[in-house]
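Here is the structure we will look at, set down as structure tokens.
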Amino acid sequence: MGWVADTLHSFNSIQLREVFSQIITLGLVVSSALVTWKGLSCVTGSESPVVVVISGSMEPGFQRGDILFLHMSKDPIRAGDIVVYSLDGKDIPIVHRVIEVHDRKNTEETYILTKGDNNDEDDRVMYNTGQKWLQKHHIIGRAVGFLPYLGWGTIIMSDIPVLKYILIGTLGVIVLTMKD
Amino acid sequence: MHSVGYRANALLTFAVTILALMCGMASLSDNFNSPSPSAHVQVLNINWFQKQPNANDEVSMTLNISADLQSLFTWNTKQVFVFLAAEYETPKHSLNQISLWDGIIPSKEHAKFWIHTSNKYRFIDQGSNLRGKEYNLTIHWHVMPKTGKMFADKIVMPGFRLPEEYR
């Protein structure tokens, strides 16, 4: 119990000046994270420049927990590209490979069909009812590179949401009680 | 200043920096490899060729694909994804790309292959423009690294032509 008492004591003894300094440090950490994320967004042109693979449909190329870097260039989408798309009315982004492309001449429209490397069937079964093709606006980005395993933290935290609060709580306590 | 927490933090930061550096170097080392892959494709037979009830042309063909992609493999290569696409232009479309066959090559030992197959994915046009249509067959490959940047390239084989009549 001595530890708890000590912690409480240290809480009591924090000066107002220190509290402000801690809050500013915290704000700096949060804002620099935000700046990095938004900066990456600007450079890559993709609204979410980094995604974590959550399904096994691209194995053995990408496994659950791998991190993908996306890029959204002006280059047209071509067969073989690994794209991340989200369907109308659904939030979950899907990472699959383009297997068919039809570029319209007059309307600049592109009809795209995708498939997971590890799936037997193309993605038409997953698309919304009656939807046969993806269009450019469904595409969030194109995968250009990846790092293995680094996304596992995200997957564990989205599977067990309590962990998220425990982690944030612990970090908060550490930041507030830390003395340098 | 020298608490357990600080030391653990310093060690973790250092370890992650080294790991990131090594990943970066592994990915960069791929640039030193200058591959010289080769591929050859033959259309052995048009199995059938018809107009679907919704007026789209569909063709089924038997293909013979041989390729040697061994030089694509480096120590940072996890796998090579290879696919064969039919590519052609029609009055309404500036480019049509249809994947006919694909495969995953897990290691260098499997990178020299020969396969006799009918098209794995359906060859359907958006319209009925396939009679007598000239098209390219293109072998594409995408190199997936163990970590880092992905590479892609292709070999275009022009001069294929579909039959003038449905059969």
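Could you work out how far helix A:161-177 tilts from the main Cα principal axis of chain A, as a 0 to 90 degree angle to the nearest 10?
40
Treating the angle as unsigned and between 0 and 90°, give the value, to the nearest 10°, between the Cα long axis of helix B:4-29 and the longest Cα principal axis of chain B.
With both axes taken from Cα atoms, the answer is about 40 degrees.
Using θ = phi - 60° and the Karplus curve 6.51 cos²θ - 1.76 cosθ + 1.60, what whole-Hz ³J(HN,Hα) does each residue of the stretch B:141-147 get, with Gly and Pro shown as x?
9, 10, 8, 9, x, 5, 8
What does the structure give for A:78-90 when I average, per residue, the other chain Cβ atoms found within 10 Å of the residue Cβ?
Mean inter-chain Cβ contacts per residue within 10 Å come to 3.
Convert 25 °C to kelvin, take the viscosity as 0.890 mPa s, use the Kirkwood radius over C-alpha pairs of the stretch B:23-92 as Rh, and evaluate the Stokes-Einstein diffusion coefficient in µm²/s, rounded to a whole number.
153
Just counting partner chain Cβ atoms within 10 Å, what average do the residues of peptide B:145-156 show around their Cβ?
Counting Cβ atoms of other protein chains within 10 Å of each residue's Cβ and averaging gives 3.
Quick one: angle between helix A:16-44 and the longest Cα principal axis of chain A, in degrees between 0 and 90, rounded to 10, please.
It works out to around 10 degrees.
Under the Karplus relation 6.51 cos²θ - 1.76 cosθ + 1.60, θ = phi - 60°, what is the ordered set of whole-Hz ³J(HN,Hα) values for the stretch B:62-75, x standing for Gly and Pro?
3J(HN,Hα) across the stretch B:62-75, in whole Hz: 9, 10, 10, 10, 10, 8, 10, 10, 4, 6, 6, 7, 10, 6.
Which whole-Hz ³J(HN,Hα) couplings does the stretch A:105-115 yield from phi under the Karplus relation 6.51 cos²θ - 1.76 cosθ + 1.60, θ = phi - 60°, glycine and proline marked x?
Once θ is set to phi - 60°, the couplings for the stretch A:105-115 become 6, 7, 9, 6, 7, 10, 9, 10, 10, 10, 7 Hz.
Can you list residues whose amide H is under 5 Å from B:Lys146's amide H, if they're 5+ apart or on another chain and H is modeled 1.01 Å from N?
Under 5 Å from the amide H of B:Lys146 lie the amide H atoms of B:Thr77, B:Lys78, each far enough along the sequence or on another chain.
Got the relative contact order for chain A handy, in percent, Cα pairs under 8 Å and 6 or more residues apart?
Reported as a whole number, the value is 23 percent.
Can you find, among A:Gly141, A:Gln63, A:Ile94, the residue farthest towards the positive end of the dipole of the stretch A:50-149? Put +1 on the C-beta of Lys and Arg, -1 on that of Asp and Glu.
Working it through, the farthest residue towards the positive pole turns out to be A:Gly141.
Would you count, across chain B, every pair of lysines whose alpha carbons are under 25 angstrom apart, provided the pair is eight or more residues apart or spans two chains?
22
With charges only on Cβ, +1 for K and R and -1 for D and E, what is the dipole size of the protein assembly as shown about its Cα centre, in debye, rounded to 20?
Dipole about the Cα centre, nearest 20: 280 debye.
For B:His93, what residues show an amide H to amide H distance below 5 Å, using hydrogens built from the backbone and excluding near sequence neighbours?
Hits under the 5 Å cutoff: A:Lys105.
Mind ranking B:116-123, B:40-47, B:14-21 by how tightly packed they are, going by the mean number of other C-beta atoms within 10 angstrom, highest first?
Final packing ranking: B:116-123, B:40-47, B:14-21.
Read the figures in this text as sums done on the coordinates, not as results from a lab. If you're wondering where the values come from, they're calculated on a predicted model, not measured in any experiment. Positions of Cβ are backbone-derived with ideal geometry, glycine not excepted, and every protein chain shown enters the neighbour counts.
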